[in-house]
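The values are calculated or read from the model by the stated rules, or taken from the named source; none is laboratory data. Model, not experiment: these values are computed from the prediction. No Cβ is skipped: glycine too gets one built from the backbone with ideal geometry, and neighbour counts run over all protein chains shown.
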């Protein structure tokens, strides 16, 4: 994994990308999103292992699911969706094609992922509202 992009997740309102290195340190003042970032990584790991993400599991108790989407203030209230995108290079010698996994959660589906999209330069697969396939993948 070489980058993760977050949008509408807790304090991350606007789309923000963190570029990761073999050793990445999270440094910042209190309440700037370090714990939220780690909690999202754990939730994505849960999804990768076919588990429903538990956003209330210690040590990253984020409260109820309704408290997780970014609060925009005033009449706008909370965002209706939040998500993340992970970009990685597969561990295949000589392969430089980037794969991306995009995950979206929304207020209607709560704890389950509302959509996920795995993309690679030659094909893509999407789940959520049904399966779509491109470039001959079925």
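When the stretch 43-55 is filtered for residues that are surrounded by 13 or more Cβ atoms within 10 Å (Cβ to Cβ) and not in a helix (DSSP H, G or I), the ones remaining, listed by number, are 53, 54, 55. Take the conditions in contact with a helix residue (DSSP H, G or I) (Cβ under 7 Å, 6 or more places away or on another chain), over 24 Å from residue 117 (Cα atoms) and surrounded by fewer than 12 Cβ atoms within 10 Å (Cβ to Cβ) and apply them to residue 28. Does it pass? In short, yes. Residue 89 satisfies every condition listed in (1) touching a residue at least 40 places away in the same chain (Cβ under 8 Å); (2) under 15 Å from residue 3 (Cα atoms); (3) in contact with a strand residue (DSSP E or B) (Cβ under 6 Å, 6 or more places away or on another chain) except (3).
All of (1) within 14 Å of the chain's Cα centre (by Cα); (2) over 17 Å from residue 105 (Cα atoms) hold for residue 55 with one exception: (2). Annotation note: of 72, 78, the sole residue that is farther than 23 Å from residue 117 by Cβ, surrounded by 10 or more Cβ atoms within 10 Å (Cβ to Cβ) and in contact with a helix residue (DSSP H, G or I) (Cβ under 9 Å, 6 or more places away or on another chain) is 78. Candidates are the residues of the stretch 1-25 that are out of contact with any helix residue (DSSP H, G or I) (no Cβ under 8 Å at 6 or more places or on another chain) and under 13 Å from residue 38 (Cβ atoms); the one that is surrounded by the fewest Cβ atoms within 10 Å (Cβ to Cβ) is 25.
When the stretch 56-69 is limited to residues that are in contact (Cβ under 8 Å) with a residue 40 or more places away in the chain and not in a loop (DSSP other than H, G, I, E, B), the one that is surrounded by the most Cβ atoms within 10 Å (Cβ to Cβ) turns out to be 69. Please verify whether residue 97 is at pLDDT 70 or above and either part of a loop (DSSP other than H, G, I, E, B) or within 15 Å of the chain's Cα centre (by Cα) (or both), treating the condition exactly as stated. Taking the combined requirement at face value, the residue satisfies it.
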